[in-house]
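> First the structure, which I've put down as structure tokens, then a few questions once you've had a look.
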Amino acid sequence: MTVNRVQVVENILNANDQVAQLNRQALDNAGAFSINLMASPGAGKTSFILKTIQALRTDVKIGVVEGDTAPVTIDADKINAVGMPAVQINTGGECHLDAVMLKAGLQQLPLPEIDLLIVENVGNLICPAAFDLGTHINLLIASIPEGDDKPYKYPNIYRGLDVLVINKTDLLPYIDFRMDYFRQGVEMLNPGLTTFAVSCKTGEGIDAWADWLRGRLAASRQV
Ligand code: MG
Ligand code: ZN
């Protein structure tokens, strides 16, 4: 009997979804709103998290899970350095986080104290989109140097998004990035997607993002 490859992949995803449900319950019980933050390598994920912490830190306790393919704690160290709890999950070479990995991360954080949990996924535009982690929303950071064709080349990740952040707008004068073309591609895949254009370098656009996030946090507390 040959093993059906499609069936194997389906079984893996079903097992993942069961653990994702448990993660969602744990986060809801703790009153922690959570974001699955995805992007390609170098899009500015950690910088964006640091800017978000800076904008909200007076009244929002933020925890971070850092997914990395190698046992380096560079990103988690940066978050800890600004006084917020962060844990690093080493995926052991895997190119995405899954729900079991996040579960291990959640167990190392003081969840009841945390209002907002940001999960920095592994830098990759393909398989992170296939694994539900149990987080509340999916956010993608696209950055100007990556080019304006990415929604056309990586449609799956754009289809599953709740929020899109376009980072490094300070580089627009130097790079041929057709914002209209990019946004048209996004609109085809995910009509009306909430989008923020920001520069983590200059701080442009961060206030609008932080205001929106405050609104989401307030709404989640009323549920
Ligand atoms: Mg990072
Ligand atoms: Zn992967």
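The values are calculated or read from the model by the stated rules, or taken from the named source; none is laboratory data. None of the values given here were measured: they were computed from a predicted structure. Because the Cβ atoms are built from the backbone with ideal geometry, glycine has one as well, and the counts that use them run over all protein chains shown.
> I'm trying to understand the selection: among the residues of the stretch 103-149, which are small (Gly, Ala, Ser) and more than 13 Å from GLY67 (Cβ to Cβ)?
ALA129, ALA130, GLY134, ALA142, SER143, GLY147
> Next question, about the same structure. When both residues are 6+ apart or on different chains and their Cβ atoms are under 9 Å apart, which pairs have a first residue that lies in the stretch 91-111 and is over 17 Å from ALA76 (Cβ atoms) and touching a residue at least 40 places away in the same chain (Cβ under 8 Å), and a second that is within 13 Å of ligand 2 (Cβ to nearest atom) and assigned to a helix (DSSP H, G or I)?
Here the result reads ASP98/ILE12; ASP98/ASN16; ALA99/ASN16; VAL100/ASN16, each pair linking the stretch 91-111 to a residue that is within 13 Å of ligand 2 (Cβ to nearest atom) and assigned to a helix (DSSP H, G or I).
> State yes or no: is GLY160 surrounded by fewer than 21 Cβ atoms within 10 Å (Cβ to Cβ), closer than 26 Å to PHE33 by Cβ, of a type in the set (Gly, Ala, Ser) and within 16 Å of ligand 1 (Cβ to nearest atom)?
no
> So is ALA32 away from ligand 1 (no atom under 16 Å from the Cβ), of a type outside the set (Asp, Glu), surrounded by 13 or more Cβ atoms within 10 Å (Cβ to Cβ) and free of Cβ contacts under 8 Å to residues at least 60 places away in the same chain or not?
Judged against the criteria, ALA32 is not a match.
> Residues in the stretch 71-87: is at least one at pLDDT below 95, more than 16 Å from ligand 2 (Cβ to nearest atom), part of a loop (DSSP other than H, G, I, E, B) and acidic (Asp, Glu)?
No.
> Can you give me the number of residues within the stretch 101-128 that are touching a Phe, Trp or Tyr at 6+ places or on another chain (Cβ under 8 Å) and within 12 Å of ligand 2 (Cβ to nearest atom)?
2
> While we're looking at this one, here's another question. Of all residues in the stretch 51-84 being of a type in the set (Asp, Glu) and surrounded by fewer than 24 Cβ atoms within 10 Å (Cβ to Cβ), which is nearest to PRO155 (Cα to Cα)?
Top of the filtered list is ASP68.
> Out of the residues in the stretch 95-153 that are hydrophobic (A, V, I, L, M, F, W, C), in a loop (DSSP other than H, G, I, E, B) and out of contact with any His (no Cβ under 7 Å at 6 or more places or on another chain), state the one that is nearest to ligand 1 (Cβ to nearest atom).
Filtering the stretch 95-153 down to residues hydrophobic (A, V, I, L, M, F, W, C) leaves 95, 97, 99-102, 104, 106, 109, 111, 114, 116-119, 122, 125-127, 129-131, 133, 137, 139-142, 144.
Going one step further and asking which of them are in a loop (DSSP other than H, G, I, E, B), we end up with 95, 97, 109, 114, 122, 125-126, 131, 133.
Narrowing further to those that are out of contact with any His (no Cβ under 7 Å at 6 or more places or on another chain): 95, 97, 109, 114, 125-126, 133.
Details: CYS95: 14, LEU97: 13, LEU109: 18, ILE114: 19, LEU125: 15, ILE126: 18, LEU133: 17 Å.
It comes out as LEU97.
> Would you pick out the residues in the stretch 40-50 that are within 16 Å of ligand 2 (Cβ to nearest atom) and either on the phi > 0 side of the Ramachandran plot or surrounded by fewer than 17 Cβ atoms within 10 Å (Cβ to Cβ) (or both)?
The answer is PRO41, and nothing else.
> Collect the residues in the stretch 18-44 that are assigned to a helix (DSSP H, G or I) and not aliphatic (A, V, I, L, M), keeping them in residue-number order.
Those that are assigned to a helix (DSSP H, G or I) and not aliphatic (A, V, I, L, M): GLN18, GLN21, ASN23, ARG24, GLN25, ASP28, ASN29.
> Looking at (1) more than 16 Å from ligand 1 (Cβ to nearest atom); (2) in contact with a Gly (Cβ under 9 Å, 6 or more places away or on another chain), which one does SER40 not meet, given that it meets all the others?
Of the numbered conditions (1) more than 16 Å from ligand 1 (Cβ to nearest atom); (2) in contact with a Gly (Cβ under 9 Å, 6 or more places away or on another chain), the odd one out for SER40 is (1).
> Out of the stretch 154-173, which residues are in contact with a Ser or Thr (Cβ under 6 Å, 6 or more places away or on another chain), farther than 11 Å from LEU193 by Cβ and not in a helix (DSSP H, G or I)?
Within the stretch 154-173, ASN167, LYS168 qualify.
Residues checked against (1) at pLDDT 95 or above; (2) within 15 Å of SER47 (Cβ to Cβ); (3) part of a helix (DSSP H, G or I); (4) not β-branched (Val, Ile, Thr):
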site: MET188; (1), (2), (3), (4): yes, no, yes, yes
site: GLY192; (1), (2), (3), (4): yes, no, no, yes
site: THR202; (1), (2), (3), (4): yes, yes, no, no
site: LEU213; (1), (2), (3), (4): yes, no, yes, yes
site: ARG221; (1), (2), (3), (4): no, no, yes, yes
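> Pick from the stretch 88-100 the residues that are closer than 17 Å to LEU22 by Cα and within 15 Å of the chain's Cα centre (by Cα): which of them is farthest from ligand 2 (Cβ to nearest atom)?
By that ranking, first place goes to ALA99.
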